[in-house]
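Accompanying notes for the structure given below.
The values are calculated or read from the model by the stated rules, or taken from the named source; none is laboratory data. In this text, all values refer to a predicted model and were calculated from it rather than measured experimentally. FYI the Cβ positions are ideal-geometry reconstructions off the backbone, even for glycines, and counts take in every protein chain you see. Just the protein is used for accessible areas: all its heavy atoms, side chains included, with ligands, DNA and RNA removed. Shrake-Rupley method; radii C 1.70, N 1.55, O 1.52, S 1.80 Å.
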Amino acid sequence: MAAYNFPGTLYIESAGVGSSGKASWSTIQTQVNAGWAVCSHAYNHQNLALPLTLTWSGGVVTATVSVS
């Protein structure tokens, strides 16, 4: 996204910051300095495995989750 000068939004699960495979606070600060917004996701939660489909149309990404 940086190559196209697109800022983004990070939804942070604060309990996971700095854990293996997760962003560090330093990395998050770098994104904020680049114009990204940071929002709260949750303190923590279980990994949820759901069928997820992402589609792109007119510059908008839509996530569709199938729950049976």
Answer yes if at least one residue in region 39-48 is outside any loop (DSSP other than H, G, I, E, B), modelled with pLDDT of 85 or more and under 15 Å from the mean Cα position of the chain (by Cα), and no otherwise. yes
All positions within region 1-13 that are over 12 Å from Tyr43 (Cβ atoms) and not in a loop (DSSP other than H, G, I, E, B): Ala2, Ala3, Tyr4, Thr9, Leu10, Tyr11
Considering only region 14-38, state which residues are open to solvent by 50 Å² or more (accessible area, probe 1.4 Å) and either part of a strand (DSSP E or B) or touching an Asp or Glu at 6+ places or on another chain (Cβ under 6 Å) (or both). Val38
Lone qualifier among Thr27, Thr55 - being modelled with pLDDT of 85 or more, within 14 Å of the chain's Cα centre (by Cα) and hydroxyl-bearing (Ser, Thr, Tyr): Thr27
